[in-house]
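Below is one structure, written out as structure tokens; comments come after it.
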Amino acid sequence: GDNFGSSVVVQRTDGQLIGWDFIFQGEDHTLGHLIQAWIDKNHVGKDAITFAGYDIPHPLRDEMVIRIGVIDGKEASARDVMKKAMLAGQGMFEMWRDQWGRLTGIADTLVTRSVTAPNNNSRRHQIK
């Protein structure tokens, strides 16, 4: 499904733009720019998506907001493009990891580290 987890809240935009805000806890410019740029390049002006942008509302709040404008005003449309952007980002990183492994000859080395998410759940990240 398109469940983004407990560290993401989805709510209708509060401005004149017809769309949805995705509020990510514990994320910053890195993820915000990646998702915003991918949506802008691949969807804005080409289908039901009218706008994609991100913001860090305040430096003392550990959150990043991605705003997606949708023609039909439906949350499902915004969630669909967000899911596509996240899967595309994952695919890009996997491709870069594989290319790096081929170039350096360390493709079979697996490094894992534990990360504590903002909701205190431990997640395992695998880096090849």
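A few remarks follow.
- The residue that is nearest to M92 (Cα to Cα), among those in segment 11-48 that are assigned to a strand (DSSP E or B) and more than 16 Å from the chain's Cα centre (by Cα), is G19.
- Filter result for L34 (more than 12 Å from V65 (Cα to Cα) and touching a Ser or Thr at 6+ places or on another chain (Cβ under 9 Å)): no
- Selected residue [closer than 30 Å to Q11 by Cα and modelled with pLDDT of 90 or more] from V115, V81: V81
- Boolean, Q11 is in contact (Cβ under 8 Å) with a residue 12 or more places away in the chain, surrounded by 15 or more Cβ atoms within 10 Å (Cβ to Cβ) and more than 15 Å from K83 (Cα to Cα): no
- Here L87, L60 are screened, and the one residue that is in a loop (DSSP other than H, G, I, E, B), open to solvent by 50 Å² or more (accessible area, probe 1.4 Å) and free of Cβ contacts under 8 Å to residues at least 12 places away in the same chain is L60.
- Selection count where residues are assigned to a strand (DSSP E or B) and either free of Cβ contacts under 8 Å to residues at least 12 places away in the same chain or of a type outside the set (A, V, I, L, M, F, W, C) (or both), scope segment 63-73: 3
- Lone unmet requirement of (1) modelled with pLDDT under 95; (2) among the β-branched types (V, I, T); (3) in contact with a His (Cβ under 8 Å, 6 or more places away or on another chain) for T30: (3)
The values are calculated or read from the model by the stated rules, or taken from the named source; none is laboratory data. Nothing here was measured: the structure is a model prediction, and the numbers come from that model. No Cβ is skipped: glycine too gets one built from the backbone with ideal geometry, and neighbour counts run over all protein chains shown. Please note that ligands, DNA and RNA were not included when accessible areas were found on the heavy atoms of the full protein model with its side chains. Shrake-Rupley method; radii C 1.70, N 1.55, O 1.52, S 1.80 Å.
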